[in-house]
Amino acid sequence: MDSDAPVETVWQGRFITAKKQGRWEYVARARGIRAAVIVAIDENGHLILVEQYRVPLGRACLELPAGLVGDETDDESVETAAARELEEETGYRPGRVESLGEYFSSPGMVSESFTLVRARDLVRVSEGGGVDGEGITVHRVKLAEVPAFVAACRVRGMAIDVKLLLVLGQSLLA
């Protein structure tokens, strides 16, 4: 079984590492960096989404706000990172953040997990847009209108992040 084979680092960059264990090849985050994905719904029932050009996809992608935990400081908590990233990306500062658990997005090829968090008591403090030329566009969409909004984005050629299945679930199963 491959789980007994040693793990070999094939290549390592600043943020990701390509690894091999037996016959399996996979990608991992470098330096123990983790991710936080944020479900932020304002007091009027609007879901906060972000649109950002993603180089690996070659196009814009519609996503829940998210960011790295521990990419700047080793001792940063998931909740602190999530609050920081939400404000940077969307301009919304949460009054509180709670963990909804750890999830794995593509376990057959990526060892990375993310912690899903819920941001509550949102206060708009800036326009958002990210840092260092991230070029993030913020979308505020009524929960009931998310399926139609996602469909319209798809028609325009936008990629849709798999984590949006969280809010699309009921509409896809109906």
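Probe radius 1.4 Å, ligands and nucleic acids ignored: give me the carbon and sulfur share of the accessible area of the chain as a rounded percent.
Carbon and sulfur atoms account for 52 percent of the accessible area of the chain.
Between ASP121 and ILE16, what is the label-to-label distance in nm when each label sits 7 Å out along the Cα-to-Cβ direction? A separation of 3.8 nm, rounded to one decimal place.
Note on LYS163: lysines with a C-alpha under 22 Å away, same-chain residues under 8 apart excluded, are LYS142.
Karplus-based coupling profile of the range 22-29, in residue order and whole Hz: x, 8, 8, 10, 7, 10, 10, 6, with θ = phi - 60° in 6.51 cos²θ - 1.76 cosθ + 1.60 and x standing for Gly or Pro.
From largest to smallest, what semi-axes in whole angstrom does the chain give when each is the square root of 5 times an eigenvalue of its alpha carbon gyration tensor? Before the final figure, lay out the partial values.
On the way: eigenvalues 170, 77, 49 Å².
Ellipsoid half-lengths, sorted descending, are 29, 20, 16 Å.
In the elastic network of the chain, a GNM with C-alpha springs shorter than 10 Å, the most mobile of ARG34, ARG59, ARG23 is ARG23.
Averaged per residue, what accessible surface does the chain expose to a 1.4 Å probe, in Å²?
Working: 10010 Å² over 174 residues.
Accessible area per residue, the chain: 58 Å².
As a length-normalised measure over Cα pairs under 8 Å and 6 or more apart, the relative contact order of the chain settles at 23 percent.
The values are calculated or read from the model by the stated rules, or taken from the named source; none is laboratory data. It should be emphasised that the depicted structure is a prediction, and the values quoted were computed from it without experimental measurement. In this analysis, Cβ positions are derived from the backbone assuming ideal geometry, glycine residues included, and neighbour counts consider all displayed protein chains. These accessible areas exclude ligands, DNA and RNA; they are computed on the full protein's heavy atoms, side chains included. Shrake-Rupley method; radii C 1.70, N 1.55, O 1.52, S 1.80 Å.
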